[in-house]
There are 2 protein chains.
Amino acid sequence: MLSVLRIGIGQTDPVVGDPDANLLMLRKLIREADANRIDVLVLPELANSGYAFESREEAVTLSETIPEGAYCKEMAKGSSGRVVVAGVCERTSEGLYNSAPLFMNGRHVLTYRKVHLFNREKEVFLPGESEPPVFEFGEYRLGLMICWDWIFPEMARILALKGAQVILHPANLVLPYCHRAMVTRSIENRVFTVTANRVGEERGLSFYGESQVVAPNGEVLLKMGGSDTGLAWVDIDPARADDKMMTERNHLLNDRRPRLYRRLVED
Amino acid sequence: MLSVLRIGIGQTDPVVGDPDANLLMLRKLIREADANRIDVLVLPELANSGYAFESREEAVTLSETIPEGAYCKEMAKGSSGRVVVAGVCERTSEGLYNSAPLFMNGRHVLTYRKVHLFNREKEVFLPGESEPPVFEFGEYRLGLMICWDWIFPEMARILALKGAQVILHPANLVLPYCHRAMVTRSIENRVFTVTANRVGEERGLSFYGESQVVAPNGEVLLKMGGSDTGLAWVDIDPARADDKMMTERNHLLNDRRPRLYRRLVED
């Protein structure tokens, strides 16, 4: 069993329209992950395709099926003895999804399809129709959400209620609010959060990096630069997230009052 | 009709066991509110009684009924042409509540009873059994929650779903996280938040003031000192909170996916 989990973030600068370049970035990161014994490698959203599509048609040409696509195959290969998560532009028979497939020990374990689409993504992708997933990696429980999901506190909360100790969060952030909000997400759920953001400019959009890992007490354990690419990592003890006591009488999740929250699920 | 709402925070240092001193603080603040044409005056939690009770019995002796009690009568008197909200240690036939009565134009309008009790409050108070309220003041809609409710994102969210433009938030804060989290509450709900915190020390507990008003975009519009007492105010346009568009395609509340949030209301 692992006693400490080494979380690696691959902060990249995907190139829209150049899947080969994006695949090379992934290969390079996986080599670095191997060299540094990374247990969980998280890449940004839409890491295979880039973000700022000119049209839905362009997105289709840059999409792939999960787990057969070239990017996914590379993720699978790189997941020996570890978890690899990255955003993938996913093609299905019903349409495209902004997805995050997760690979572990060479196998495809699950795919989360982004539930809350941001701005022009609504013209390209279908929204996911399932709550965000939690999965077991050895003794640890990892949750998954994508980018704009951050602004909906419901998402991180659902992951915490499902037992996530660490929330993996591939992102392509353009608004300036998320990083501070993820500190609140960590505190209000007593979980680790791992935001892997991209950098660079793409067709007028600017992405600001600063990928980060936040502890359950809100401490920022790792913060990357605003334009760096490459791998950074930090060792965490996910079991810290199992202690939900904020005071000797306050268990953060048991103190919730679900009967009084019904308005949250009204359509 | 008001076109701008002047929000006043009365940052105080209530004295446990000295209701007369606490009443004098209220009177002084109301005189200042009159002089400065405050529309909405918010005081800290348990402003009539102080916070750090030695026992439930002591809390009983410092409690009052709403709206008949001496502190409430003073709030009513001071609410001519305005809203006055303060935390009150409330006595009822079933027990004590950590409450926030709201007075407007000389009348008692409603009382919110704190739903999430903090630490030793659990030994003194009964928890409230209703969702947090929203009420109309002229053309504006004001919501109400108390202190530790801040850590439960469900509460501010419910208030936003009920139409609150401004969340009034009497508090007695001892943990250091709330002020930054309230910035997130403002952003994730696109509402103004008004946290009226107390200052001073009481039987080993230290309260850190820094009462604040935050705009829907997360901007801190007003921040008081860590030990000052007295009135501070800021003029806001609550209608700013009606614009829930984060991008031209993202309405923050309409983009929610309640059908996927059912886990939030499971017991």
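The values are calculated or read from the model by the stated rules, or taken from the named source; none is laboratory data. Bear in mind that the values here come from a model prediction, so they are computed numbers and not experimental data. Quick reminder, even Gly has a Cβ in these numbers, built from the backbone with ideal geometry, and neighbours come from all protein chains shown. Surface areas here come from the heavy atoms of the whole protein model, side chains and all, with no ligands, DNA or RNA. Shrake-Rupley method; radii C 1.70, N 1.55, O 1.52, S 1.80 Å.
In terms of the Cα gyration tensor, with a ≥ b ≥ c the square roots of its eigenvalues, is the protein assembly as shown rounded because a/c is under 1.5, prolate because a/b exceeds b/c, or oblate? Spell out each step's value before the answer.
Numbers: a/c = 2.50, a/b = 1.98, b/c = 1.26.
It is prolate, given that a/c is not under 1.5 and a/b is the larger ratio.
At residue A:203, with labels set 7 Å past Cα in the Cβ direction, how many nm apart are the copies from this one, shortest first?
Ordered by distance, the counterparts are at 6.3 nm.
Ignoring ligands, DNA and RNA, please state the percent of accessible area on the range A:5-265 from carbon and sulfur, probe 1.4 Å.
On the way: 4170 of 8830 Å².
Result for the range A:5-265: 47 percent of the exposed heavy-atom area is carbon or sulfur.
Compute the label-point distances linking residue A:4 to its equivalents in the other copies; points lie 7 Å from Cα along Cα→Cβ; give nm, one decimal, shortest first.
5.5
Add -39500 (n - 2.57) for each DSSP H run of 4 or more in chain A, then divide by its residues: what number comes out at 222 nm, to the nearest 500 deg cm²/dmol?
Values: 6 runs with 57 residues, N = 267.
Roughly -6000 deg cm²/dmol at 222 nm, from the helical runs in chain A.
Over the range B:139-267, with the other protein chains present, what is the accessible area per residue in square angstrom, probe 1.4 angstrom?
Values: 4140 Å² over 129 residues.
Solvent-accessible surface per residue comes out at 32 Å².
Among DSSP beta bridges lying fully in the protein assembly as shown, give the percent that are antiparallel, nearest 5. Walk me through the intermediate numbers first.
On the way: 72 of 106 bridges.
So the antiparallel bridges in the protein assembly as shown amount to around 70 percent.
May I ask for the distance between the Cα centers of the range B:48-115 and the range B:1-47, given as a whole number of Å?
13
Using all Cα-Cα distances in the range B:5-265, what percent lands in each 5 angstrom bin from 0 up to the longest?
1, 7, 14, 19, 21, 17, 11, 6, 3, 1, 0, 0
Share of antiparallel DSSP beta bridges in the range B:121-267, in percent to the nearest 5?
Values: 16 of 25 bridges.
Around 65 percent of the beta bridges assigned by DSSP in the range B:121-267 are antiparallel ones.
Set Lys and Arg Cβ to +1 and Asp and Glu Cβ to -1, take the dipole of chain B about its Cα centre, and tell me which of B:116, B:103, B:218 lies farthest positive.
Of the options given, the answer is B:218.
Could you state how much accessible area is buried at the B-A interface, both sides summed, with a 1.4 Å probe, in Å² to the nearest 100?
On the way: alone 11980 and 11990 Å², together 18990 Å².
The buried area between B and A, both sides summed, comes to about 5000 Å².
Pull out a ≥ b ≥ c, the square roots of the eigenvalues of the alpha-carbon gyration tensor of the range A:88-172, then state rounded if a/c is under 1.5, prolate if not and a/b is larger than b/c, and oblate in the remaining case.
Numbers: a/c = 2.30, a/b = 1.33, b/c = 1.73.
It is oblate, given that a/c is not under 1.5 and a/b is not larger than b/c.
Only sites in a loop by DSSP and with at most 12 other Cβ atoms within 10 Å count here; which GluC sites (Glu not before Pro) in the range B:176-243 make the cut? Walk me through the numbers on the way to the answer.
Values: sites: B:188, B:201, B:202, B:210, B:219; in loops: B:210, B:219.
When the GluC sites (Glu not before Pro) of the range B:176-243 are filtered for loop state and at most 12 Cβ neighbours within 10 Å, B:219 remain.
Under 8 Å for C-alpha pairs, at least 6 residues apart: give me the relative contact order for the range A:5-265, rounded to a whole percent.
Working: 603 pairs, mean separation 48.2, N = 261.
Computed value for the range A:5-265: 18 percent relative contact order.
Give the shape of the range B:216-267 as rounded, prolate or oblate, defined through the alpha-carbon gyration tensor: a ≥ b ≥ c are the square roots of its eigenvalues, a/c under 1.5 means rounded, and otherwise the shape is prolate if a/b is larger than b/c and oblate if not. List each step's numbers first, then the result.
Details: a/c = 3.75, a/b = 1.73, b/c = 2.17.
Oblate, because a/c is 1.5 or more while a/b does not exceed b/c.
What net charge is computed for the residues neighbouring residue B:38, neighbours being all others with C-beta under 15 Å from the C-beta of residue B:38, Lys and Arg scored +1, Asp and Glu -1? Before the final figure, lay out each step's value.
Details: positive: B:6, B:27, B:28, B:31, B:37, B:77, B:82; negative: B:32, B:34, B:39, B:235.
Net charge in that neighbourhood comes out at +3.
Placing +1 on the Cβ of each Lys and Arg and -1 on the Cβ of each Asp and Glu in the range A:5-265, which of A:53, A:193, A:251 has its Cα farthest towards the positive end of the resulting dipole?
Going by the Cα projections, it comes out as A:251.
When chain A is modelled as a GNM with alpha-carbon springs shorter than 10 Å, which of A:182, A:245, A:155 fluctuates the most?
Per the Cα network of chain A with a 10 Å cutoff, A:245 tops the list.
Past 18 Å, Cα to Cα, is the threshold; run A:244/B:162; A:28/A:77; A:28/A:73 against it and keep the listed order. All intermediate terms of the calculation are to be shown ahead of the outcome.
Details: A:244/B:162 29 Å; A:28/A:77 13 Å; A:28/A:73 15 Å.
Exceeds cut-off: A:244/B:162.
Gap in Å between the Cα centre of the range A:246-267 and the Cα centre of the range B:185-230?
So the two Cα centres are separated by 23 Å.
How much of the DSSP bridge set in the range B:5-265 is antiparallel, in percent, rounded to the nearest 5?
Working: 36 of 53 bridges.
That works out to approximately 70 percent antiparallel.
Output, in nm with one decimal and in ascending order, the distances from the residue A:18 label point to the matching label points of the other copies (7 Å from Cα along Cα-to-Cβ).
7.1
In terms of Cα to Cα distance under 17 Å, which aspartates and glutamates are near enough to residue A:122, apart from those fewer than 8 places away along the same chain?
Partners found: A:45, A:54, A:57, A:58, A:90, A:94, A:149, B:248, B:255.
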